[in-house]
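Taken together, the values in this text are just the output of simple stated rules run on the coordinates, not laboratory data. What you are looking at is a predicted structure, and each value in this text was computed from that prediction instead of being measured. Ideal geometry is used to build each Cβ from the backbone, glycine not excepted, and the neighbour counts take in all protein chains shown.
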Amino acid sequence: AYRQSPQIPRIDAAGRKTFHEIMDGDLLGLGFSAARIAATYPALGIPHLGRRGQRPDAATFATLYPNFYVSILPDFIEVAIAMPDGVASTCERKQFRVHRSVATDVDLLRAAESMCAEFETAAREDGVICEAVQAARQSPAFSQRFYSPFWDVMHHSFSIRVLDDLEVDT
């Protein structure tokens, strides 16, 4: 889906962000217009979650530090918690919420299951990227150690939270 999208890397033709950052205490996230999401991801084939027949006009991917996250899109909501099992392992519990009509329509159920599988594929890809970024920080080529004010505002904020927590525990 990403390869087909005109919205990667989440900037428009003029170089402006097509998202807004959400930073409210320990709540960190990205907000998008539903139209931008529709241009990035294919139609899911399931009913939207809007009220009174009106499709929601916003989407959000957010984390409540340290380990709870939620994705809210017009067609589904995903809630998850990541629980560390140790230094090298994390147990993740998640749930997708979709329109109630999915429960009584076999075709909608199949579409929802396909959507969940695609979202899981994207999550695994994101995990590989995060692991690669962490490994790259050990490289001798990583000497600048700066955050981009355009892309990394939340990443920096998250890193500061982790450092603060580590200092409290020592």
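Tabulated results
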| quantity | calculated |
| --- | --- |
| Karplus (6.51, -1.76, 1.60) ³J(HN,Hα), θ = phi - 60°, over the range 63-74, in Hz, Gly and Pro reported as x | 10, 9, 4, x, 9, 10, 9, 9, 10, 10, 10, x |
| Per-peptide average of other Cβ atoms within 10 Å, ordering 85-91, 149-155 highest first | 149-155, 85-91 |
| Within the chain, helix-based [θ] at 222 nm, where runs of 4 or more DSSP H residues each add -39,500 (n - 2.57), nearest 500 | -11000 deg cm²/dmol |
| Amide H partners (placed H, <5 Å) of residue 58, local residues excluded | 34 |
| Principal-axis tilt of helix 106-136 within the chain, Cα atoms, nearest 10 degrees | 10 |
| Linear extension gain, residue 65 paired with residue 113, 0.36 nm per residue minus alpha-carbon span | 14.4 nm |
| Cα centroid of the range 85-99 to Cα centroid of the range 16-83, whole Å | 18 |
| Per-selection metrics, the range 19-85 (Cα): Rg and Dmax in Å | 13.2, 43 |
| Degrees separating the helix 153-169 axis from the principal Cα axis of the chain, which is the longest one | 60 |
| Kirkwood hydrodynamic radius (C-alpha pairs) into Stokes-Einstein, the range 1-145, 10 °C and 1.306 mPa s, D in µm²/s | 92 |
| Estimated inter-spin distance, residue 129 and residue 148, nm [label 7 Å along Cα→Cβ] | 1.1 |
| Segments 20-30, 122-132 sorted - mean Cβ within 10 Å per residue, highest first | 20-30, 122-132 |
